[in-house]
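Working notes, beginning with the structure itself.
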Amino acid sequence: MTIFIASLFLPYTVNFQVDQSQERPVEPTPPNAGAAITDTVTPLPAAASLFEKNNPTSHPALTPGATTDHERIFANSVHKAESERSGYPFPSSAAEAQLLTESEAHSPAWGATTSLNQPPKASTLIPPSPSILKHQDPIISPHEKSVPTKPSVSAPVPPLGAKKPRPGERKISFSRAEWTIETAEQGNGGLRNAVRSARDTGSLQDMMWVGTLGMPTDALSKWTRNDIAERLEDEYNSLTVFVNDSDFDGHYTHFCKTILWPVFHYQIPDNPKSKAYEDHSWIYYVKLNQAFADRIAKNWKRGDSIWVQDYHLLLVPAMLRKMLPDAQIGFFLHIAFPSSEVFKCLAPRKELLEGILGANLIGFQTDEYCRHFLQTCSRILCVEATNEGIQMEDRFINVGTFPIGIDPTSWDKRRKAFDVESWVDTISERYRGKRLIVSRDKIDSVRGIRQKLLSYELFLNTYPDWADKVVLIQVATSTTEQPELEAMISDIAMRINSTHSTLAHQPLVFLKQDLAFPQYLALITVADALMITSLREGMNLTSHEFVYCQDGSYGDKKYGSLILSEFTGSASVFGNHALLVNPWDYRQCSEAIHTALTRDEAKRKEVWEALHRAVLQNSTANWVKSFNETLTNVWNEQSSREIMAVPRLSVPRLIEQYKGSKRRLMIVDYEGTLASWGSPRSIILTTPQRAITTLTDLTDDPNNVVYVMSSRMPEEMERLFRQVNNLGLIAENGCFTRAPNGEQWTHLADKDHVQTWKSSVSQILSYFKDRIEGSWIEERHCSLVFHYGSAEDHQTAARLAAECADHINDACKTQQVHAIPIEGALIVETAGTNKASAAELVWRWCLEDSEKKEGTSKPDFLLVVGDNREDEPVFRWANKLKTAKGVDFAMTVTLGSRSTEAKATLTQGVTGVLSCLQQLAASSVKSGPVS
């Protein structure tokens, strides 16, 4: 079985060996994002090249207002590494994977200059049209209009929009250049580390990456593309997805980064300068997702599994489901998922949700994101959201939490390197006698660097005695051009150092660069605290790395404190063991810094041990194992419920089992099963004579125990079935039960509890009733039903009803109440009572009768018949009863074609049910009572 892992960027890309006489000047290799662990000690470059391509031969910009040159200690590391290449060579092969991790995959701008020789992005790509009425099809470069059968001898056609060469300047031919496969600088490091770790441990063996090369490809001939794709597939287990440069630019630069990324991080692009909603790049997002789905479907075989990763590919699951109905599809979102109020601001909100719901399993980093997704589906798609997932009309989609972490094994190996120990000694010596607070962030609007610096400034002003004893080292890398934000941060940094610096001390070291990996590892090893103030973040693995390195393996410092924003996914992993802060509360952040610096070692050790356990529990290996096992289990369970998997009921076999049994228990639903649905407002309630006759024939047999279950109230059930003797009744979906020939009803729901929640829920329902003309509220003994099927604007009514259900489920969760949407209505009832709980009580009564009455056997035949979602709990109960309590024969039957837990189906509706029951009754008469 192959596992296809679809991510926007492959872990590999291409480096072209361009003739130096033709090649443009290339900057020296910048610090990279870390390499895979090998047997030799190799210094791993820093993560800067993932985000910004700095020139390592130049010094970084010094901190504004700095009085010392502390930054140069880190800048010199690059020169030192370059001068010692014989002992510590930079990684260069594609086999060397990244180690520094970023869970959000916030990659550098597509087409940006890298350390590799790659085709340039066309200088004049056609942007998405500002008018939704003037969408243009993605452009196709001229060379794609014909497919060459062999390499072209003539000069290659330039990419569309490329600049014309100047007189005397030679053009570079990438299509005819030699090339090699290299480690990609773009992509999701956390995902790659997880996959590499799982492959190393043998828990993920047969897998295939699916993604793009992360570089412009219009300049490449079809022949070159095919060669690259074949080599990646044969040697690197990678399927390459090729799309036009304009398609990729519209998808990634415009839709993903301009619209999806901000909204998912609660940054609504509604300011006057934003052009997000004039950017109709949706067509490109759809086209790239379709390209991924086509590539996977072409290579998929029965039994294979598909894992779709992150917000770039939200539509792929549904596209694959349409092409591969039986496929095992999992989707995992590495970033945050916003609340429904934020998500509904997206224009294609329904399409995005329906795209995700094509999966069998949907995974999120935290329970909060899981809950947001369920609420959003309930409100926007008007579907039933349960704690386990989403109930659609034809299938159920499981939703779960799978926090991703780091790979401790790789970190253990890397920390043993000599260069790490050397940097620990160097940094410790430079900052001897100082307390170090460390931060590492990208400079963007969601990382909270501004809030962090303001909080640190407040700390220095509040506790002046610490001004010459503490240093904040802020490592900052740029991902996008945000001059206003960078200027604001520079002003704050200058103010801090201008106010609190002395000739011998600088309280803030602001590094607008990333570090070589040995430096980064050494820095988080010797730090007294790590401070993360993200305004919203999917997980934040820097906090995990810091905790893991604080075990005292190097130097005297250990058990450092973690100051962590409550808006990161890691906050749910670490809980109150970290110093959780609201980044907008500068006073709270300031006090957290003071707490971190003044804790005694015993307290720090106690907290660190709890944090360390959380890191180990949420390792990359555990993430892969948990997601893989859960996906397999839910797919097997869902497949058993699929329409095609549920066979038709074999009536002859049912009759055979019936005739051979000693005592039979039959539970049959009323509405839609024994009789067609009638109006809830009908004053005169009647049961068809055929149903009355059939039930009478069954109950006349003393070996039969027959119950009818319904959502009707007890008094209605009594009127409906007063003509049938020896008939047991289950009313209001299990809240009331009456034994055959019994006079008293047994209450399964607590009366006082029901009256308590009814008063609060009634107010909510009344509010929505006033907003939906034609709707009305039906009050039952233990439930409330909000009917809106007669509303003139049914679409608006359904949307408001879904919002009402979501509101009730949120507000009344602690009262054990839930709202369930059905066709044209909303049922609000006690969560702990249903038809299954009533069936369990009926079963106990049958067992008690067999013990009390001599000659009475316990039931060895069980038949349950229903027709809708409310009957699924009793189906589930009956199926488990056969396994757990050894019932000789148990059959669950549903009507029609739908996703169900029933073991068989009848397609003739009410007529088919009555016909089947009549045949059972007739066989009982012919054979006579069984002793």
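Just so you know, all these numbers are worked out from the coordinates, no wet-lab data involved. Note that the coordinates shown come from a computational prediction; the quantities given were computed from them, not determined experimentally. So basically every Cβ, Gly included, is an ideal-geometry build from the backbone, and we count neighbours across all protein chains shown.
At an R0 of 51 angstrom, the distance between the Cβ atoms of Gln205 and Asn576 translates into a FRET efficiency of 0.85. Normalised Debye scattering of region 318-408 at q = 0.16 Å⁻¹ gives log10 I(q)/I(0) of -0.62, counting only Cα atoms as equal scatterers and leaving out solvent.
Compared with the direct C-alpha span, the chain from Asp294 to Glu823 gains 186.9 nm at full extension, assuming 0.36 nm per residue.
Could you work out the Rg to Rh ratio of region 751-830, with Rh taken as the Kirkwood radius (inverse of the mean 1/r over all Cα pairs)? Using only Cα positions, Rg/Rh for region 751-830 is 0.95.
As a calculated quantity, the FRET efficiency between Lys625 and Asp394 at R0 = 30 Å, using C-beta atoms, amounts to about 0.50. What FRET efficiency, computed as 1/(1 + (r/R0)^6) with R0 = 35 Å and r the Cβ-Cβ distance, is obtained for Glu351 and Asn387, rounded to the nearest 0.05? Approximately 0.85, to the nearest 0.05. The rule of thumb for compact globular proteins, 2.2 N^0.38 Å, goes into the C-alpha radius of gyration of region 742-786 1.43 times. Taking region 194-217 and a reference point 7 angstrom along Cα→Cβ of Asn237, the backbone N atoms nearer than 11 Å belong to 195-209. Starting from the Cα gyration tensor of region 588-670, take the square roots of the eigenvalues, sort them a ≥ b ≥ c, and report rounded, prolate or oblate (rounded when a/c is under 1.5, otherwise prolate if a/b is larger than b/c, else oblate). The shape class here is prolate.
Defining a contact as two alpha carbons under 8 Å apart and six or more residues distant in sequence, what relative contact order in percent does region 285-367 show? Working shown, then result.
Numbers: 114 pairs, mean separation 28.1, N = 83.
Reported as a whole number, the value is 34 percent.
Stretching the chain fully between Ser766 and Asp326 yields a gain of 154.0 nm (0.36 nm per residue, less the alpha carbon separation).
Working from label points 7 Å from Cα in the Cα-to-Cβ sense, the Leu841 to Glu778 distance is 2.1 nm. Taking label points 7 Å from Cα along the Cα-to-Cβ direction, Thr2 and Glu642 give a separation of 2.0 nm.
Bridge orientation summary for region 312-405: considering DSSP beta bridges with both residues in this region, about 40 percent are antiparallel. Distance between the pseudo-spin-label points of Asp888 and His594 (7 Å out from Cα toward the beta carbon): 7.8 nm. Considering only Phe768, Ala798, Cys782, the residue lying farthest towards the positive end of the dipole of region 751-830 is Cys782, judged by Cα position with unit charges set on Cβ.
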